[in-house]
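The structure under discussion appears below in the form of structure tokens.
The values are calculated or read from the model by the stated rules, or taken from the named source; none is laboratory data. Being a predicted model, the structure only gives us computed values, none of them experimental. Counting neighbours? That spans all protein chains shown, and the Cβs are built from the backbone with ideal geometry, glycine included. The area values use the complete protein model at the heavy-atom level, side chains included, leaving out ligands, DNA and RNA. Shrake-Rupley method; radii C 1.70, N 1.55, O 1.52, S 1.80 Å.
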Protein chains: 2
Amino acid sequence: MASDGPRRSGDAAPGTGTGDRPERARTARWRTAADVLARVRGEPGITRAELARRLNLTTGSATEITARLRELRLLSETPAPARGRGRPTTVLAPHPSGPLVLAVDLRQEDWRCGLASLDGRIHDLRQGRHAGREPGAVLGALGEVVAGAWRRHGDRLRAVSLAVPATVRDGRIVQASGLGWGPVELGALTARSRLPLLVGNDATLAGVAEARTGAAAGAGTALHLLVEVGVGGALIVGGRPVTGAGGTGGEYGHMPFGDRALRCPCGARGCWDLEVDGRALARHLGAPAPRDPRTYARRVLARVAGREAAGDGLDDVPIEAAARAAGVVAGSLAAGIAGLVNAHAPDVVTLGGLAVHLRAAASARFGAAYADGLMSFRRDLPPPVLDAAYGDDGALHGAVAVGLDHVTSEAALAAWADAL
Amino acid sequence: MASDGPRRSGDAAPGTGTGDRPERARTARWRTAADVLARVRGEPGITRAELARRLNLTTGSATEITARLRELRLLSETPAPARGRGRPTTVLAPHPSGPLVLAVDLRQEDWRCGLASLDGRIHDLRQGRHAGREPGAVLGALGEVVAGAWRRHGDRLRAVSLAVPATVRDGRIVQASGLGWGPVELGALTARSRLPLLVGNDATLAGVAEARTGAAAGAGTALHLLVEVGVGGALIVGGRPVTGAGGTGGEYGHMPFGDRALRCPCGARGCWDLEVDGRALARHLGAPAPRDPRTYARRVLARVAGREAAGDGLDDVPIEAAARAAGVVAGSLAAGIAGLVNAHAPDVVTLGGLAVHLRAAASARFGAAYADGLMSFRRDLPPPVLDAAYGDDGALHGAVAVGLDHVTSEAALAAWADAL
DNA sequence: GGTTTATACTCGTGGCACGAGCATAAGGTG
DNA sequence: CACCTTATGCTCGTGCCACGAGTATAAACC
């Protein structure tokens with residue numbers, strides 16, 4: 001098969017060769033090691049004995065492989081607290097001088113970054129506000145962040161993983177309406193350090209985080225939907241997002257679930273986007289289109305929740321009207337979700353951003369519209385719709401996850417070992 | 001456990017160990033063999049030298065592995081036609097006494113089946129009409145087919161792969177509206193032979209066939225849509241369909257792209273289903289709902305194409321009206337497809353069944369609605385929409401593909417070798 | 001202090017792919 | 001027709017990995 005989405009190396013696609021040297025065995029050899037590291041990440045604090053059971057390793061193999069990984073500065077072992085009889089085992093943890101991933105979450109107003117070790121824990125969290133909105137200024141600041149981490153950690157830093165509030169194609173930004181950006185190249189961020197740069201959409205990465213270790217943990221197929229201005233999201237299968245050609249998928253807000261008479265800024269018609277955010281609330285309230293639909297929506301929903309703020313500019317909006325509008329919008333959201341559930345049959349649906357508040361503001365209406373939109377055979381056991389566990393931190397944790405996937409791939413482990 | 005980490009060749013369940021013995025190495029050992037067989041299937045008639053290049057094998061490894069696979073009755077080698085200088089190589093083909101898969105396509109009026117060898121070629125194609133519509137009668141006949149193949153081929157038969165025009169959950173039919181069936185167990189088909197039984201939706205499997213070796217061959221992400229009564233389909237990523245929990249996904253026809261006022265027999269509202277098939281054509285023509293929407297639609301579209309058949313019961317329908325109705329319906333189909341393309345960003349879209357004729361009957365309207373529904377950044381290079389290459393044979397070929405995936409899995413190869 | 005239990009360690013074995021060198025079967029050339 | 005060129009196949013020693021069986025160890029239990 002041709003090159004495509006899930007870029008990583010040790011992948012599905014019984015396709016053509018990797019194109020590299022005859023180094024087939026060189027990477028294949030790391031298969032078990034990669035599995036071990038994945039397990040350590042999935043269950044931080046796992047003991048060696050437990051690991052061996054999970055992976056069906058004999059004790060001999062476990063001894064060998066942990067020794068190897070310790071030697072390679074990938075894992076460290078510390079005595080585990082005794083539990084009952086038997087010889088004490090050890091807890092597996094990332095090695096203190098093992099590989100690191102720099103995860104960066106670029107947001108509309110600011111950025112955040114953190115260094116992640118192999119267990120997925122984030123250290124050294126930093127943040128900063130954008131000085132200006134221009135791509136050059138923002139990327140300059142991020143470039144400094146990358147350079148700083150590279151200076152401090154040298155070869156321990158193995159990848160940079162970036163979450164952006166934008167449509168991403170082949171590692172480049174196609175458009176970021178929230179930032180007011182058109183196409184932006186990102187390669188400069190790691191040009192000097194030559195680190196692998198992984199770029200993903202923020203909603204997609206938040207979905208990855210939820211599916212791996214968040215509210216949808218354990219789900220084979222999970223659907224994450226993030227509402228802010230419009231709807232973004234991702235379908236995550238086996239922990240990997242389905243992002244399509246070039247990674248531009250996940251634009252769920254541009255399915256025609258809405259009024260065909262409305263033209264969306266994206267260029268299409270009837271987009272779901274227009275039915276579920278602040279713009280929709282304003283329409284239903286007879287107000288003009290808000291300049292900042294996100295803040296506007298939060299204010300309206302706060303009003304519904306009885307937390308009216310003075311000077312929110314909504315003094316003339318009665319609570320009943322706000323509640324009605326929220327109900328309609330929550331219904332549109334739920335109906336669309338039901339359609340997506342019909343099509344994709346996720347085990348769980350997770351909600352992020354405004355969607356959480358929208359549902360809370362009109363939960364009965366939401367639940368009714370959800371049930372009403374499901375095919376009847378799905379109603380016996382409909383996929384639960386859960387609030388995101390990571391809140392606003394999903395994108396950063398998702399970036400960590402994707403970065404570590406890369407670093408613990410067979411090829412990357414082989415490279416790490418080669419470098420001693 | 002949170003599905004996570006780099007997922008290897010295996011399958012879904014990224015979770016705990018396989019649950020089997022410590023037979024980790026026993027199956028892992030077959031990784032390269034599985035890759036070789038996958039390649040032989042992907043490129044029937046491939047030579048040994050070409051294979052080695054594709055998989056980055058040294059000539060020594062190629063010698064060893066082909067010898068092993070020949071010994072195991074998985075592959076056979078025949079001299080390849082010489083091409084230029086150099087020592088002649090051999091063509092790899094399935095072994096004459098290698099494993100076989102029985103693929104069965106259960107359709108509304110009849111069934112078809114064939115035996116497939118490792119290269120995916122179908123031998124010994126048979127078919128039969130259903131004597132009665134009752135599940136018992138139909139499954140009885142299919143049981144005979146399975147038993148017959150098992151008698152004839154014994155242990156060479158390694159799996160039965162079944163395509164059904166139904167919603168499938170965990171290998172069972174949930175409902176098959178075309179057949180008028182409710183839930184149906186299928187395990188009895190292979191209870192005696194104890195063969196693995198793989199069950200899939202027909203539209204999903206047709207999509208698999210198109211994505212592997214049909215019109216979408218080479219696509220990393222492909223979307224297949226089949227219109228008959230309503231719309232079925234599948235998103236295929238890396239050759240594997242995204243079928244969700246229990247395999248019930250792919251019900252694209254039940255996304256609310258349509259008129260929210262219309263209640264669908266499925267229980268939901270506004271289903272796309274209702275906008276794109278014979279029922280929609282009848283509505284737009286002011287005719288009562290047809291009893292057999294599929295035949296009705298074919299007749300209307302034949303009329304549009306100028307192939308009016310006497311006695312088709314449409315004598316009072318002017319061609320212009322039929323063309324108008326077809327245009328509206330083709331537009332609805334295209335608009336929905338555009339929405340799905342926005343959400344999933346496939347490399348290619350393939351059409352099956354009525355969808356092909358619908359588009360042909362109103363190609364301008366279809367093309368316009370498709371473009372109009374795309375996000376503007378997708379319009380530069382929109383995914384091509386192609387007619388299915390396999391026509392009505394997609395489901396059977398897809399069943400073959402899935403069956404062979406199973407048979408050439410590492411675990412199945414280990415089992416085949418153990419049985420000598 | 002002895003027993004039980006769970007786990008770790010040692011070591012010989014088999015399997016696989018590799019790499020280097022040699023062998024072979026064609027086409028091309030004079 | 002002898003000889004060269006080219007592409008490929010074959011042999012064999014090597015390194016690496018996980019296995020399995022047996023042995024050793026460190027705790028809790030009695």
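List the residues, sorted by chain then number, that are 5 or more residues from residue B:161 or on another chain and whose placed amide H is less than 5 Å from its amide H.
B:102, B:103, B:104, B:198
What stretch of chain A, leaving out the sites themselves, is the longest with no GluC sites (Glu not before Pro) in a DSSP loop having at most 13 other Cβ atoms within 10 Å?
So the longest stretch without any such site is A:186-420.
Distances from residue B:381 to the same position in the other copies: list them in nm, one decimal, shortest first, using label points 7 Å from Cα along Cα→Cβ.
4.3
Would you kindly give the portion of the calculated P(r) for chain A that falls above 33 Å, as a percent of all Cα pairs?
That tail contains 39 percent of the Cα-Cα pairs.
Counting other Cβ atoms within 10 Å, keep those with at most 15, restrict to DSSP loop, and tell me which trypsin sites (Lys or Arg not before Pro) in the stretch B:76-163 are left.
Within the stretch B:76-163, the qualifying trypsin sites (Lys or Arg not before Pro) (loop, at most 15 other Cβ atoms within 10 Å) are B:83, B:85, B:121, B:133.
Run the numbers on chain B and let me know its relative contact order in percent, using alpha-carbon pairs under 8 Å that are six or more apart.
Computed over chain B, the figure is 16 percent.
With all distinct Cα pairs included, what does the Kirkwood hydrodynamic radius of the stretch B:219-388 come out to in Å, to one decimal, could you say?
After inverting the pairwise mean of 1/r, the radius is 16.3 Å.
Put the label 7 Å from Cα along Cα→Cβ for residue B:90; what are its distances to the other copies, in nanometres, shortest first?
When each copy's label point is compared with this one, the spacings are 4.7 nm.
Please work out the average accessible area per residue across the protein assembly as shown, using the 1.4 Å probe convention, and give it in Å².
42 Å²
Compute log10 of I(q)/I(0) for the stretch A:324-407 with the Debye formula, placing one identical point scatterer on every Cα and leaving out solvent, at q = 0.12, 0.18, 0.24 Å⁻¹, to two decimals.
-0.41, -0.78, -1.10
Distances longer than 19 Å among the Cα atoms of the stretch A:129-197: what percent of all pairs is that?
Considering the stretch A:129-197, 33 percent of its Cα-Cα pairs are separated by more than 19 Å.
Quick one: how many Å² of residue A:397 are accessible to a 1.4 Å probe, rounded to 10?
Surface accessible to solvent at residue A:397 totals approximately 50 Å².
State, to one decimal in nm and shortest first, how far the label point of residue A:307 sits from each corresponding label point in the other identical copies (label point: 7 angstrom along Cα-to-Cβ).
Spelled out, the distances from residue A:307's label point are 6.5 nm.
Kindly give the semi-axes, whole Å and largest first, of the ellipsoid equivalent to the protein assembly as shown, taking each as the square root of 5 times a Cα gyration tensor eigenvalue.
Three semi-axes, in Å: 41, 40, 24.
Applying 1/(1 + (r/R0)^6) with R0 = 56 Å to the Cβ-Cβ distance of residue A:97 and residue B:320, what FRET efficiency is obtained, to the nearest 0.05?
That gives a FRET efficiency of 0.10.
Determine the dipole magnitude for the protein assembly as shown: charges of +1 sit on the beta-carbon of Lys and Arg, -1 on that of Asp and Glu, nothing else is charged, the reference point is the Cα centre, and the result goes in debye to the nearest 20.
1960 debye
Using a 1.4 Å probe and counting only protein heavy atoms, how much accessible surface gets buried when B and A come together, both sides summed, in Å² to the nearest 100?
It comes to approximately 6500 Å² buried between B and A.
Residues of the stretch B:83-110 with amide nitrogen under 20 Å from the 7 Å Cα-to-Cβ point of residue B:141?
Under 20 Å, as judged by backbone N against the label point of residue B:141, lie B:102-110 of the stretch B:83-110.
For the protein assembly as shown, what % of the accessible area comes from carbon and sulfur atoms, probe 1.4 Å?
Looking at the protein assembly as shown in its full context, I get 52 percent from C and S.
Given labels modelled 7 Å from the Cα in the Cβ direction, how far is it in nm from residue A:71 to residue B:131?
6.8 nm
Residue by residue through the stretch B:349-354, what is 3J(HN,Hα) from phi via Karplus (6.51 cos²θ - 1.76 cosθ + 1.60, θ = phi - 60°)? Round to whole Hz and write x for glycine and proline.
Taking θ as phi minus 60°, the curve returns 10, 10, 10, x, x, 4 Hz for the stretch B:349-354.
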